[in-house]
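Each remark here refers to the structure printed beneath this line.
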Amino acid sequence: MIKNIFLLIFLSLNSIVFAQQTAVDFQKLKGKISLHPEEKTVEGKLSYTFQILEKTDSIFLDGKNMKVKLSENSSLQADLKSTDDKIWIFHDFKPEKTYTLDFSYQVKNPKQALYFIGWENNENPQIWSQGQGKDNSYWLPSIDDLNEKIIFDLSYEIPKNYTAIGNGKLIHHQQKEETEIWRYKMSKPMSSYLVAVAVGNFDFKTLKSSSGIPIELYYQQKDSNFVEPTYRFTKEIFDFLEKEIGVDYPWENYKQIPVRDFLYGGMENTTSTIFAETLLTDSIAFVDQNYVKTNAHELAHQWFGNLITEKSSADHWLQEGFATYYALLAEKEIFGEDYFYHKLFESAEKLKEESDKGKGESLLNPKAGYSTFYEKGAWALHILKEEIGEKNFKTGIKNYLLKYKFQNVSVEDFIKEMEKSSEKDLSNFTENWLKQSAFQADEALASLKKSDFIKKYIETIALRKIDFEEKHEFLNQALDFPINQYIAEEVVFQLAEKNLTKKHIKLYKKAFDSNDIYVRQAIAKSVDKIPLELKSDYESLLKDDSYLTQEIALANLWMNFPKKRNQYLNTLKNTTGFYNKNIRILWLTLSLATPEYFPEKKQVFYEELAQYTSKI
Ligand SMILES: [Zn+2]
C-alpha cells in the first residue's frame, strides 16, 4: 500500500493484534454478495469450508454488526450467534474433519472498508473496498488474522450497467432485469485483507506480459486521454519485476482500477490494485507526477505481501520495504541510474535527519512509521544486496518466495534464507540495519559514493556555504552542455541570492537555455523577485510542458508585473493542469483578483471556482 502521509500520523494501522484461532483452518469461501447502493446495504449468501484441527465446541468469523442466519440446506447444522465484531459458530466439532457451513448475512451501511460514493445524486457513482487497516470484516464475514489464508470465489450482484471488479478471474457475467452478476474466482489462497471489490462505470484495455499474464487497465470513458500516460511502462514494469524477482507472477491476472475519493495512493489487493484517480496523468502531467512508482510498488506486493504475508506487524518490513525497493529498481530501469541514486540519496538525507533528532526507529518495531518501513526498509535491502552480492541476493529471494509461497513469514525466516544462499553470517546486518533505531548514515554514504554522479552531486551541495565569486567557475561549468539534471538544479538553487550580479544573470540565462524542463522548473521555484533582465526568459516558462512550472510561473509573473496580468492570464486560459485542476483553480483565483480582466465574467469564474474548491 502507498499511504497518504497525513493519515499515517493518525493511524497505526498495522499494530493491531489479532486473536488467533488454532482449532480451525478456513480453506474456501464461495459466496454471492449483493451490493445495494441506494440503501448502502450488503447482503450475502456464503458457503465456508474449513477443517477442524483440534476438538472444539466453537469457532468464529470476524464480522462487524452483522445479522446472520443459517441456511436450511447447510450441510453443517450449527448454532450461529453474532456479536458486535464476530460471528460465533457453535457445534461439537471433531478433529480432522472438514465442514461446510452455509449462511446468509446482512450489514447496513458498513462503517469502514466498503464505500458507496456518488449514488445519492447519481454523480459518477462508485463502490470500492479498502481492506488493509480497515478490516474487510466490516462488510464481509472473513478472518482479520493475516495468518489465515483462504481461496475466495465471490460473485457480486450490482445495479445494471455498471462493472464489478473482484479478485481473480472473471468466470461468469450475467445480466438480469435490474442487476448484473459478476463472479470472480481465485485458484490460490490469500489473507482476507486482500479481498477487494470495485464497482463503477469502467472500461478497460488489456495488455499481456511477456509471460502471458493478462493485465487489465481500467478507466472511465471521460478519462480516456489519461490512459496511455498513466499506464505508461506497465508492461515493462511487469516483465522487469518477474525477471528481477526470479519467481513467476503468482496469480491468474492483474488489474488496476482508479477510483474516486480513495483513502490512499494505491492498495495491492490480490490481482486487483485499486488506486486514487488523482494519480491519473496526461502526457504533460507525466513529467511532474506519474503513476510509475505506485504502479511498480503495488505490483511488487503481489509477491511481497500477497504471495507471502507477514506473520505479525513486527514483520511489516517484508512487505513495505520490499515493495518500495523493487519499485525503485523498476524505476531505475525506466529512468536510469542517476535517478535511482538520487532517490536513495534523498531518502538517506531524510532518514539521517530523523535519526540525528533521535527519531530513528528499528525496522522490527511493529509501530514504526512510513519512513522506517518504506524508505529505511528499501535501504536495508540495498545494503544487504551489496553485502552478499547480487547473485546470492537473487538466489536467496527466489528460494525464500518458493519455500513460503501462500504462507506467512517472519523476518527471521527471510534472514535464514539469505544466510543460506550467501553462506554468510548476517548477524551484523541484522543488528545494524534491522534492530538499530539509528540510521547507518556512514554506511549509506559509502554505498552512495559508488556512483560517480553522487560524488559530483555531493561536491556541488558542499558549495552551498561558499561565496558566489569563489564557486562561480564551478557553477558555470556545471551548466555546460550536456548537463546533469540534478546537479544543474542544485546550481540553480544556489544562484538564488539577495543581490544578483551580472554574473548571476548570465548563469540564469545559461540555465534557461539548457532547455531542460527540470532545470527551468528549478528557476521557476527559486526566483521570487524576477529581475528585469530575466523577464522575457521567465515569461517563456508559461509555455513549458510542465503543469507545475506553468502554475508557479503564472503566480509569480502575476505578482511581479501587474501591468501584464491580462496577458499572462490569456496565455493559460485554456489549460486545466493536473487531474486536481491546479492551473485552472489558480487561473480562476487570479482572474477574480484582477479587476480589469473580463469584469463581466466574474460571477461565472466565481461559480466555477466554488464548484472545484468545495470538493477539496
Ligand atoms: Zn505498499
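The values are calculated or read from the model by the stated rules, or taken from the named source; none is laboratory data. On a predicted model such as this, the values are computed, not experimentally measured, just so you know. As a convention, Cβ positions derive from the backbone with ideal geometry for all residues, glycine included, and neighbour counts pool all protein chains shown. The area values use the complete protein model at the heavy-atom level, side chains included, leaving out ligands, DNA and RNA. Shrake-Rupley method; radii C 1.70, N 1.55, O 1.52, S 1.80 Å.
Points to keep in mind about this one:
- Pairwise centroid distance, computed over Cα atoms, of region 284-313 with region 570-616, Å: 35 Å
- Angle in degrees between helix 547-560 and the longest Cα principal axis of the chain, rounded to the nearest 10: 40 degrees
- Alpha carbon centroid spacing (whole Å) that separates region 357-373 from region 445-494: 32 Å
- Cα-based helix-to-principal-axis angle, 411-422 vs the chain, degrees rounded to 10: 70 degrees
- Think of the chain as having a plus end and a minus end, set by charges on the Cβ of Lys, Arg, Asp and Glu; of 159, 198, 48, 159 sits farthest toward the positive end of this dipole.
- Cα gyration tensor, region 322-386 - rounded (a/c under 1.5), prolate or oblate: prolate
- In percent, rounded to a whole number, the relative contact order of region 301-458 is 34, using alpha-carbon pairs under 8 Å and six or more apart.
- Potential lengthening of the chain between residue 73 and residue 561 amounts to 167.8 nm, from the contour at 0.36 nm per residue minus the alpha-carbon distance.
- Contact order normalised by residue count of region 40-140, Cα under 8 Å, 6+ apart, percent: 34 percent
- Amide H within-cut-off set for residue 151, under 5 Å, with H built and near neighbours excluded: 28, 29, 190
- The fraction of accessible area contributed by carbon and sulfur in region 178-241 is 51 percent, rounded to a whole number (1.4 Å probe; ligands and nucleic acids excluded).
- Taking Cα centre as origin and charging only the Cβ of basic (Lys, Arg, +1) and acidic (Asp, Glu, -1) residues, the dipole magnitude of the chain rounds to 740 debye.
- The string of couplings for region 597-604 from the Karplus curve (6.51, -1.76, 1.60, θ = phi - 60°) is 8, 6, x, 6, 9, 4, 5, 5 Hz, one whole number per residue in order, with x for Gly and Pro.
- The chain: angle of helix 234-245 to the longest principal axis, Cα-based, in degrees nearest 10: 70 degrees
- Relative contact order computed over the chain (Cα-Cα under 8 Å; 6+ residues apart), in percent: 9 percent
- Rolled with a 1.4 Å probe across the full set of protein chains, the surface gives residue 490 an accessible area near 10 Å².
- Approximating the spin labels as points 7 Å out from Cα along Cα→Cβ, the residue 339-to-residue 498 distance works out to 4.0 nm.
- Over the chain, dividing the summed -39,500 (n - 2.57) contributions of all DSSP H runs of at least 4 residues by the number of residues returns a 222 nm mean residue ellipticity of -11000 deg cm²/dmol.
- Within the accessible area of region 432-550, the carbon and sulfur atoms contribute 49%, probe 1.4 Å, all protein chains present.
- Check: region 21-172 dipole with +1 on Lys, Arg Cβ and -1 on Asp, Glu Cβ, in debye: 240 debye
- Of 188/398; 352/385; 350/498; 169/385; 510/602, those spanning more than 30 Å from alpha-carbon to alpha-carbon: 169/385; 510/602
- By a 1.4 Å probe calculation restricted to protein chains, residue 425 has an accessible surface near 110 Å², given to the nearest 10.
- The peptide list 153-163, 291-301, 215-225, put in order of mean Cβ contacts within 10 Å with the highest first, becomes 291-301, 153-163, 215-225.
- Residue 283/residue 461 FRET efficiency (R0 35 Å; Cβ-Cβ; nearest 0.05): 0.60
- Per residue, the solvent-accessible area of the chain (1.4 Å probe, heavy atoms of protein chains only, all protein chains present) comes to 44 Å².
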